[in-house]
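A.B. asks: I have a structure I would like to understand better, so I am pasting it below and will then ask my questions one at a time.
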Amino acid sequence: MILDHWGIPHLYTANRRDAFFMQGYNAARDRLWQIDLWRKRGLGLLAKDFGPAYVEQDRAARLFLYRGDMDKEWQSYGPNAKDYADAFIAGVNAYVQETRDGTQPLPEEFKLAGSRPDLWHVDDIVRIRSHGLTRNVELEVQRAQIACAAGLDAGRLQAKLEPEWTAKLPDGLDPCSIPRDVLKDYTLATDPVKFGAGKKAAQAYDPDVLLAQAQAKVDTIGSNNWVVSGRRTATSRPILANDPHRDHSVPSLRYIVHLIAPGMNVIGAGEPALPGISIGHNGRIAFGLTIFGMDQEDLYVEALNPGNPDQVRFGGNWEPVRILREKVEVRGGAPQDIEMRFTRHGPVLATDTKRNLAFTLRSVWFEPGTSAYFGSSDYMTAKNWPQFQAAMKRWGAPSENQVYADTKGNIGWQPGGMAPRRLSYDGLLPVPGDGRYEWQGFMRLDELPSVFNPKAGYFATANQMNLPPGYPIEQRRIGFDSWANPARWDRIVEVLEDKKKFSLADAMDLQNDDTSMLGRRLIALLKPLRSDDLQITNGLQLLRDWNASDDRDSAAAALFEVWISKHIGPALVNATVPQAARSLIPKPSVGAMFDLLEKPDASLGADPAKTRDTLLLQSIGAAVADVSKLLGEDTSQWRWGRLHHAQFDHALLPLADPSTQAQMRVGPLELGGASNVPHAASYRSSDFRLTSGASFRMVLDVGNWDASRAINTPGQSGNPFSPHYRDLAPLWANGRYVPLLYSRSAVENAASEIVTYKPAR
């Protein structure tokens, strides 16, 4: 192994098994606490290490495990998947055993938590499903609650439906039957593990907060990628760029590694707890992903037999509920018995004994081949477009836009994912589980759109609705409410169109581009407005003079982001949404909000444009007052970076002493960017702290691989006392990159450590 200056391991091995063994060993060496917690959380084993407060979270996690045929499961990922996983797990276990034997130090995190790492079984990798992204059950529940409170029409600001579509209540659904807390177990199973909170995770659950954040997730958690043909680049070689956006954490969600063995030489980023590379290149092809807005889950409302609550109705018959009982081991106490219930649709999330109803989740998670990102173990060794597409036929979850480039000059786009075929309904609301609303299998890959060598010479995705015009959405109902606002994509395309000879430096600049297309649109609305209020006038002038860039030194950016995140949305909701439903839409969908602002209609009263203008002025005044409290009255001292910051706190921070806490915290770091600009840096409006965005960025010079660049944050290592725990964060915050070296000579020139390890047989 050669470890380069930036903590990226380059693993030179004699065969593929050794390569994946070393990947597992090295992942454990750098990220043992992270991957051990990933496993325990996913399998429902937290209480064993951390006590009775985690029993309910363990039960919730176990509801979503894959419990089907394991032979079918492994076969779903391609011919090499299990061999790769076996080797990876052997490497992880080798390092775990060394910590047990005392030949490697136990990482500090385990000492803080008073726990020990466990040995893994190969099936652990694929049985865990709850770490992947699927959609849209939260929006289904929120839409049902809005319909119950004030009718479906009251939800127009909840989400913009794309392609154009009208939601309808499924026949037989009473939207008022959906419990407020129906997604409690779903949330417990998918939320990060919290330590030192003072109460159980189950007690901390707030269904109103969850549902209020549902649409915000669509607008704030996404990714960018694009690929440019050599005929449009400065080098005549293709460029592929990718910056996947997810929740920020320390350690980073992704881990960069280089795997080298006879017949395989692949480098890039992957999930630390999985074998393989999901974003990177193999010397012949390059690949990168973003979320594609496919709807892969549904909430079913099932009738319980009044005379036997262990049965549900399907068709004209009563079917038995499958009841599974297990024990949860508990640190410091006796094991606790738990019960889990399942119908043909999936796990029972809640029951209403008064109405004799059960609420179950159907998800692609319970189908073979949907372990999140594990499908990359198949496509990462493809040599050309046909082989890449063949591997994508097996891609299950999460649903992704994959962009592609190869050394022959080809570029392409292929979305992939297991897409339920819904013929009798659209997936926008919960449905009765009586047999009328069933999935009719799954769509084939050739039923999804794709592009190979587009005429434009480039292709870009940013989670926007990118089904082509004329796509038969009536027959192929992929999804309607999980597409991000196209603002990021609009800016990316604007730059790609403008640059006739695109360079690698241009790609890095574009990933860090702060231009707000939404800002431009709102400025256009403000130009004709006037006010007698000095505070509002000052705010108008500041925004009119703004270059619509969310850079960290901008005063106007501070005002704009405070305004758009805290003021204009709620003002629009209060003006147009019936009072009974307002609390269910505290923040409108960005797309729906802008549609209404630009084309005001009767929902704004007899004079829609005048009402709209009044709301704009009043909300700007409120935003100016807000920023003045935060940054002072002197607008010359306002800077977006003074508000918008990144701080990475390790989950175990509450358990550490002050000196260790300082070592475990990275930041604060001033940032530009925002949710809807290419430099995606979403924040919580309470204190403008970064919540999600690109922890990993990559730009590839396809064919001249050593010229490629990447960045991870805050560092490659999960060990707070390692130099690679925080060393990349300042570079990342300033839009800088490190070389993603590929050739042996370049790697050796950048070596900071060379380690020889003979894999155990």
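The values are calculated or read from the model by the stated rules, or taken from the named source; none is laboratory data. Keep in mind the model is a prediction, meaning the values are calculated, not measured. All Cβ positions, even for glycine, are placed from backbone atoms using ideal geometry, and neighbour counts span all protein chains on display. Remember, those area values only see protein heavy atoms, side chains included, never the ligands or the DNA or RNA. Shrake-Rupley method; radii C 1.70, N 1.55, O 1.52, S 1.80 Å.
A.B. asks: Can you tell me the FRET efficiency between Asp553 and Arg100 if r is taken as the Cβ-Cβ distance and R0 is 51 Å, rounded to the nearest 0.05?
C.D. replies: Here the calculated transfer efficiency is 0.50.
A.B. asks: If I model a spin label as a point 7 Å beyond the Cα along the Cα-Cβ vector, how far apart are those points for Gln661 and Asp171 in nm?
C.D. replies: Output for this residue pair reads 6.1 nm.
A.B. asks: Can you work out the accessible area per residue across the chain, with the rest of the protein chains kept in place, probe 1.4 Å, in square angstrom?
C.D. replies: Computed with neighbouring chains in place, this is 37 Å² per residue.
A.B. asks: Further question on the same structure: Multiply the residue gap between Thr235 and Gln637 by 0.36 nm, knock off their C-alpha separation, and tell me the result in nm, one decimal place.
C.D. replies: Values: separation 402, 0.36 × 402 = 144.72 nm, distance 4.30 nm.
Length gained between Thr235 and Gln637: 140.4 nm.
A.B. asks: Still on this structure, I have one more. Given a 1.4 angstrom probe, I'd like the percentage of the accessible area of the range 511-645 that is carbon and sulfur, rounded to a whole number. Write down the numbers at each step before the final one.
C.D. replies: Numbers: 2820 of 5700 Å².
Summing carbon and sulfur atoms, their accessible area is 50 percent of the total for the range 511-645.
A.B. asks: Tell me, Kirkwood radius of the range 458-610 from alpha-carbon pair distances, in Å?
C.D. replies: 18.1 Å
A.B. asks: Determine the gain in length on full extension of the stretch Lys501-Lys610; use 0.36 nm per residue of separation and subtract their C-alpha separation, reporting nm with one decimal.
C.D. replies: Gain on stretching Lys501 to Lys610: 34.7 nm.
A.B. asks: Then there's this: Exactly which trypsin sites (Lys or Arg not before Pro) in the range 501-601 are in a DSSP loop and have at most 13 other Cβ atoms within 10 Å?
C.D. replies: For trypsin sites (Lys or Arg not before Pro) across the range 501-601 that sit outside H, G, I, E and B with at most 13 neighbouring Cβ atoms in 10 Å, the list reads Lys501, Arg530.
A.B. asks: Taking the Cβ-Cβ separation of Lys393 and Asp247 as r and a Förster radius of 35 Å, what is the calculated FRET efficiency to the nearest 0.05?
C.D. replies: Efficiency for this residue pair is about 0.75.
A.B. asks: I need the per residue convex hull volume for the chain, using only the alpha carbons, in cubic angstrom as a whole number.
C.D. replies: 161 Å³
A.B. asks: Ordering Thr235, Thr515 by accessible area with a probe of 1.4 Å, largest first, what comes out?
C.D. replies: Result, largest first: Thr235, Thr515.
A.B. asks: Now for a separate question. For q = 0.12, 0.14, 0.16 Å⁻¹, what log10 I(q)/I(0) does the range 212-361 give under the Debye formula with an equal point scatterer on each alpha carbon and no solvent?
C.D. replies: Here log10 of I(q) over I(0) equals -0.84, -0.94, -1.01.
A.B. asks: How high is the FRET efficiency between Asn308 and Arg180 when r is their beta carbon distance and R₀ equals 22 Å, given to the nearest 0.05?
C.D. replies: So the FRET efficiency works out to roughly 0.25.
A.B. asks: Something else about it: Over 30 Å between Cα atoms: which of Lys217/Lys599; Lys500/Lys599; Lys501/Lys587; Lys160/Lys629 fall into that group?
C.D. replies: With Cα atoms farther than 30 Å apart: Lys500/Lys599; Lys501/Lys587; Lys160/Lys629.
A.B. asks: So if each residue of separation counts as 0.36 nm, and I subtract the Cα-Cα distance between Asn80 and Arg530, what length gain in nm does that give?
C.D. replies: Gain in length upon complete extension: 155.4 nm.
A.B. asks: Going Cα to Cα from Lys111, which lysines come in below 30 Å? Please leave out same-chain ones fewer than 8 positions away.
C.D. replies: Leaving aside lysines fewer than 8 places away in the same chain, those within reach of Lys111 are Lys40, Lys48, Lys194, Lys199, Lys200, Lys327, Lys758.
A.B. asks: Another question, then. Work out from phi, with θ = phi - 60° and the Karplus expression 6.51 cos²θ - 1.76 cosθ + 1.60, the ³J(HN,Hα) of each residue of the range 701-714, listed in order in whole Hz, and give x for Gly and Pro.
C.D. replies: Result, ordered by residue: 8, 6, x, 10, 5, 5, 7, 5, 9, 7, 8, 10, 8, x Hz.
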